[in-house]
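Down below is the structure, laid out as structure tokens.
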Amino acid sequence: MNNFTEEQYKYIEKIKTITSEYQTIPKCCIVTFGCQMNAKDSEKLLGILLSCGYEETDDEEIADIVIFNTCTVRENANQRLYGRIGQLKNSAMKNKNKIIGICGCMMQEEDEVLNIKKKYPYVKIIFGTYNIHALAEILYKALTTKEKVYEVLKEPIAIVEDLPIENKFKFKCGINIMYGCNNFCSYCIVPYVRGRERSRNEEDILNEIKFHVKNGVKEIMLLGQNVNSYGNDKNDENINFVNLLKKVVKVEELKRVRFMTSHPKDFSYELIEVIKENDKICKHIHLPIQSGSNDILKSMNRKYTREEYLELVEKIKNNIEDVSITTDIIVGYPNETERDFEDTIDIIKKVEFDSVFTFKYSKRTGTKAAEMAGQVDDSVVTDRFNRLLEVVNEVVGSKSKKYINKIVEVLVEDIEREKDMLVSRTGNNYLVYFKSNKYKIGDFAKVKIVKSHGFYFTGEEV
Ligand code: 5AD
Ligand code: SF4
């Protein structure tokens, strides 16, 4: 345990003494926006608060502390945050001891912090992506001084290990393998709010995985903005993503390994081989293409062409049986012409993606694309977006039909009470609903796929 971690445990103890004197157990609520990275950060925040003597609630109104873990990758996430904080004004006014906090990516943007200070003075704590781990220290200051605590670090401190963590699911969890991004895609704000790439030590990653597996986790997802760059900052060529995967699959009792996100420019043949050769590695690759037009890809600074992407997909499909490939698409990037858009539609049809996450381009202050002339008109973007969705539904729907009558292994994740069905997931990331009295959440089951509903299947237990 390093000094920083020790220090935080001291603050946790101090808060525990405070909360133990409350008449009722205080309640905490964490609201998460954005990606898996944020979801993982929220598990860390919850772990700290539970250790401080709080219990969890999902009711923002009654919680003694509410923390919003924010995303800023697109403008609509920001708007949703402001709506939610606005709704809490009354309960903040009624309960002067209530602590409303905001953290995460949006707080790395000075303008947003200024806006919150001005318009939402009842927000008591603000911190950024680089001091998530210091929640106990920040909260202690807020509880003892009754002052507002706004602490947004501009640069990351060392990677902090060994703090408490509370998994949302008992049977699966995400594992950070690296933080930050060096790619600077022209539209993307992530490198500005999450900093440069920092890889965790292999030993720390493996220890964390073993810890969770001991507590019942069967499936992990290795998380990084660009997992293929794992180890590039380490000065040791043996530390890389392929070698890490080889070690992770050796963890006994761990049944499934996923990873996210892969950048097409760094996806090596060695990686394809490791996926192919290891049963534990799920046959699902999320490979954001963003656009099918070479001009747009160049302007986006993605560093691959549509031809290279197609070649990579061919290699993956030829080597890995029943692999599913999913992607992200942005429509309406500056200067996107109808011709560029058609190239995107064309590549979706050619690749036959298993799922596509579609986004309207969102202008992010500070990025290169935000300064470009040729921003595309809203009505054009909406029109293209709707046409894109139609094609995606068609392609995804027809692709999924090939699984009908196949028997697949699924991990049960949830119960859909209205339909009285279990919700489960295949290794290649398809959702399967099925009825069963035998299986429960966290179990593996064999299911025969009966019907495709486009984005999910219904099946029968075998
Ligand atoms: N506008 C729209 N979509 C964006 N993404 C990232 N930045 C933007 C933006 N400015 C999308 C990309 C990325 C996903 C996580 O979010 O498709 O892969
Ligand atoms: Fe953003 Fe590109 Fe980095 Fe992904 S790889 S986080 S899109 S800059």
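See the values below:
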| item | result |
| --- | --- |
| Sites Lys451 and Glu390, calculated FRET efficiency, Cβ-Cβ separation with R0 22 Å, nearest 0.05 | 0.50 |
| The range 284-402, Rg to Rh (Cα coordinates; Rh as Kirkwood inverse mean 1/r) | 0.98 |
| Gain in span if fully extended, Glu61 to Lys368, counting 0.36 nm per residue against the direct Cα distance | 106.5 nm |
| GluC sites (Glu not before Pro) within the range 120-218, DSSP loop, no more than 15 other Cβ atoms inside 10 Å | Glu147 |
| CD proxy at 222 nm, helix term only [per DSSP H run n ≥ 4: -39500 (n - 2.57); per residue of the chain; nearest 500] | -11000 deg cm²/dmol |
| Net dipole in debye of the range 284-402 [+1 Lys, Arg Cβ; -1 Asp, Glu Cβ; about Cα centre; nearest 20] | 300 debye |
| Solution diffusion estimate, µm²/s, Stokes-Einstein, the chain, Kirkwood Rh from C-alpha pairs, 20 °C, viscosity 1.002 mPa s | 90 µm²/s |
| Cα→Cβ-extended label distance, 7 Å offset, between Asn437 and Thr145, nm | 6.2 nm |
| Restraint check, Lys360/Lys399; Lys265/Lys402; Lys89/Lys168; Lys148/Lys363; Lys172/Lys401; Lys44/Lys170, Cα-Cα greater than 21 Å | Lys360/Lys399; Lys265/Lys402; Lys89/Lys168; Lys148/Lys363; Lys172/Lys401 |
| Within the chain, percent of DSSP bridges classed antiparallel, to nearest 5 | 35 percent |
| Evaluated at q = 0.14, 0.17, 0.21 Å⁻¹: base-10 log I(q)/I(0), Debye formula over Cα of the range 404-461 | -0.28, -0.42, -0.66 |
| Global form of the range 171-282, assessed from the alpha-carbon gyration tensor, a/c cut-off 1.5 | prolate |
| At R0 = 22 Å, FRET efficiency that the Cβ-Cβ distance of Lys119 and Asn95 yields, to 0.05 | 0.65 |
| Pairwise FRET efficiency - Lys406 versus Lys315, Cβ, R0 = 22 Å, nearest 0.05 | 0.40 |
| Spin-label pair Val462/Lys298, simplified geometry with 7 Å Cα→Cβ offset, distance in nm | 5.0 nm |
| Cα-projected label distance for Lys265 with Glu277, points at 7 Å along beta-carbon direction, nm | 2.8 nm |
| For the chain, with +1 on Lys and Arg beta carbons and -1 on Asp and Glu, the positive-most of Leu153, Leu163, Gly86 along the dipole | Gly86 |
| Lys283 long-range amide H proximity, modeled H, under 5 Å | Asn428 |
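Each reported figure results from applying straightforward, stated rules to the coordinates on display, with no laboratory input. These figures come from a predicted structure and were not determined experimentally. All Cβ positions, glycine included, derive from the backbone under ideal geometry; neighbour counts span all protein chains shown.
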